[in-house]
Amino acid sequence: MIKGTTKLLGVIGYPIAHSLSPAMHNAAISHLGVDFVYLPFPVKPEDLKAALAGFAAIDLRGFSITIPHKQAILPLLAEVSPIARAIGAVNTVYRTDKGWCGTNTDVEGFLAPLRTPPYQKPNLPPPTPPCQGGEQEGTLESCPPPYQGGARGGSEESCPPPYQGGARGGSEESCPPPYQGGARGGSEESCPPPYQGGARGASDWSQKVAVILGNGGAARAVVAGCAQLGFAEIHVVGRSAPNLAEFQQSWVNSPMPVQNLQVHSWDNLSMLISQADLLVNTTPVGMHPHGEKSPVAAAALDRISAGAIVYDLIYTPNPTQFLKDAQLRGAIPIDGLEMLVQQGAAALKIWLDTESVPVDVMRQALRQHLGLG
């Protein structure tokens, strides 16, 4: 129940009525029993600066950002985290003594299914830092505030989850959803590869090859995530040579440079798929209402190795045609719903200043909202 003491969170965009964020965040807030509410705010592009002033005036604690504001908000913030600068977009804003601070939790959302216990390996680097104050530089290996204990600080020794159990998927003995059967295949006793080690195992990403379809904003978060995991090769495939060249150069000049990034025209896709340990679709091809389409032709997908991970950032339909085709060829599918849930969970941890939020509750709220049961 909303009271006079209820603290406000929200999401801004234009339009915003379609947003799934209120469903999952309010489900988590209700489960936790905290005095917060998460609301959608339609903000036109020309009103963005005024909206920030208004949010500060009513003591809004934080908000998510979606299209068309992810880039436009950057110059309006007091601080921007290194990862958000590297990606060139902010999706999460919270308030500090210095004003509004922006970060990007899409990388954490993308990585979470690849890192969730019992699949996380001890040699993986920690998650990405939000704003650390002072200089806007940082490395992908740095330990992030606000999760270092206390209100917004603490020692490097206290860098907690999100990826060490609890909110990220339960105990080491449990095979976390969405990998417990159904489209994900197998029972709790048969957690599928690539997470069991072996040729495609996640124990050493430094020997792996990532192939990313598309070179837009979503691809930037995926490149940053693959760089965090330490992939030996990161290949981005696109259709526009000038855009690909610009994409590659942007990482050379980035606060977090990625040196092992290569870009390719779509003509090279079939060859690259045969090398891929991780194949990620960041394009909108196959999204509702065109769920019958796939970004990869069947003949090219025939070259995927059994046990490779195929990841589609699209979450409707669920699963996409791309994932269904890949699974038929022995690949391990991951859909975009989990990324959506996990990036939201990472944001909620910032706003509530906590190390644990009910990810399972958030996931189930979204599945019910989408009619997935």
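Structure summary
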quantity: Integer Hz, Karplus 6.51/-1.76/1.60 couplings in order for the range 27-40, x for Gly and Pro; calculated: 4, 5, 4, 4, 4, 6, x, 8, 8, 10, 9, 10, 10, x
quantity: Solvent exposure of the range 32-72 as accessible area per residue, Å², 1.4 Å probe; calculated: 52 Å²
quantity: 3J(HN,Hα) from dihedral phi, the range 297-306, Karplus parametrisation 6.51/-1.76/1.60, rounded to Hz, x for glycine, proline; calculated: 5, 4, 5, 6, 5, 4, 8, 5, 7, 4
quantity: Residues whose placed amide H lies under 5 Å from that of residue 96, excluding near-sequence neighbours; calculated: 101
quantity: Relative contact order (percent, whole number), the range 220-351, Cα cutoff 8 Å, 6+ residue spacing; calculated: 18 percent
quantity: For residue 236, residues with placed amide H under 5 Å, excluding near neighbours; calculated: 212, 262, 263, 264
quantity: Carbon and sulfur %, accessible surface of the range 266-312 computed with the full protein complex present, 1.4 Å; calculated: 56 percent
quantity: Accessible area expressed per residue, the range 288-373, with surrounding protein chains retained (probe 1.4 Å, Å²); calculated: 37 Å²
quantity: Residue-wise HN-Hα coupling along the range 48-65, computed from phi with Karplus coefficients 6.51, -1.76, 1.60 (Hz; x: Gly, Pro); calculated: 4, 4, 5, 5, 4, 5, x, 4, 5, 5, 9, 6, 4, 7, x, 7, 8, 10
quantity: Amide H partners (placed H, <5 Å) of residue 39, local residues excluded; calculated: 9, 10, 11
quantity: Peptide ranges 273-280, 85-92, 238-245 listed from the most packed, as the mean C-beta count within 10 angstrom indicates; calculated: 85-92, 273-280, 238-245
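The values are calculated or read from the model by the stated rules, or taken from the named source; none is laboratory data. Fair warning: this is a prediction, and the values are worked out from it, not measured in the lab. For neighbour counting, all protein chains shown are included, and Cβ atoms are generated from backbone atoms with ideal geometry for every residue, glycine included. What goes into the accessible areas is simple: the full protein's heavy atoms, side chains included, and nothing from ligands, DNA or RNA. Shrake-Rupley method; radii C 1.70, N 1.55, O 1.52, S 1.80 Å.
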